[in-house]
Amino acid sequence: MPLSREMQRLRAEHAALVTLSRIILDMTRAPHPPDATELASARGVLRETLVRHLKCEDWVLYPRLNATGDPELMRITRAFELEMGDLAAEFVAYDGTWTGERVAADWPGFCRETARIFDMLAVRVEREERELYPLADKLYAAAAVDAAVRAGSPISS
């Protein structure tokens, strides 16, 4: 899949993650837990979206950015990879800790921990949109120009 389509997909997943986070955070503003199925469903969709998003970054975006050989781009990409690993591990720990039973037993604790982890996720999404994705867009634009130039160039023998 061309990088431009991957970037569209990654941005759409960012929007979905933000929306799902808001839905869950809205639930946490209630004094008591919502219906367990409703909360579990929202958390499940967020988890699936986040996992798909991380796999796309790990398997497509980061390798393509690293393959440029540009030292600054490789440095930035590596920094994001390392930071994302930390956030992914934090999310896995959060998700595994807060079972339905534990949420019901410690609703205020779940609400605090959810706000903390979702704040980390929001900061990450904002940084990717501001710092990393524009670099990928430039890479795609440069590749598209190179391809157009090659396609219009006379064939030499």
Log entry: pair-distance distribution for the chain, C-alpha pairs binned every 10 Å from zero, whole % per bin is 9, 35, 26, 16, 8, 3, 1, 0
Per residue of region 112-127, what does 6.51 cos²θ - 1.76 cosθ + 1.60 with θ = phi - 60° give for ³J(HN,Hα)? Whole Hz please, x for Gly and Pro, Karplus curve as stated.
4, 5, 5, 4, 5, 5, 6, 5, 4, 5, 5, 4, 5, 4, 4, 5
Binned Cα-Cα distances of region 1-54, short to long, each 10 Å bin given as a whole percent:
23, 44, 22, 9, 2
Karplus couplings for region 27-39 from phi (6.51 cos²θ - 1.76 cosθ + 1.60, θ = phi - 60°), rounded to Hz, Gly and Pro as x?
5, 6, 7, 6, x, 10, x, x, 3, 4, 5, 5, 5
Heavy-atom accessible area of Asp35 with all protein chains present, probe 1.4 Å, nearest 10 Å²?
90 Å²
Express the carbon and sulfur contribution to the solvent-accessible surface of region 36-114 as a percent, rounded to the nearest whole number, probe 1.4 angstrom.
59 percent
Region 49-121: radius of gyration over Cα atoms, expressed as a fraction of 2.2 N^0.38 Å
1.42
Along region 7-22, what does the Karplus equation 6.51 cos²θ - 1.76 cosθ + 1.60 (θ = phi - 60°) give for ³J(HN,Hα), rounded to whole Hz, x for Gly and Pro?
5, 4, 5, 4, 5, 5, 5, 4, 4, 5, 4, 5, 5, 5, 4, 4
Using only the Cα atoms, what convex hull volume per residue in Å³ does region 16-84 have?
91 Å³
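The values are calculated or read from the model by the stated rules, or taken from the named source; none is laboratory data. Keep in mind it's a predicted model, so treat the numbers as computed, not measured. Remember, those area values only see protein heavy atoms, side chains included, never the ligands or the DNA or RNA. Shrake-Rupley method; radii C 1.70, N 1.55, O 1.52, S 1.80 Å.
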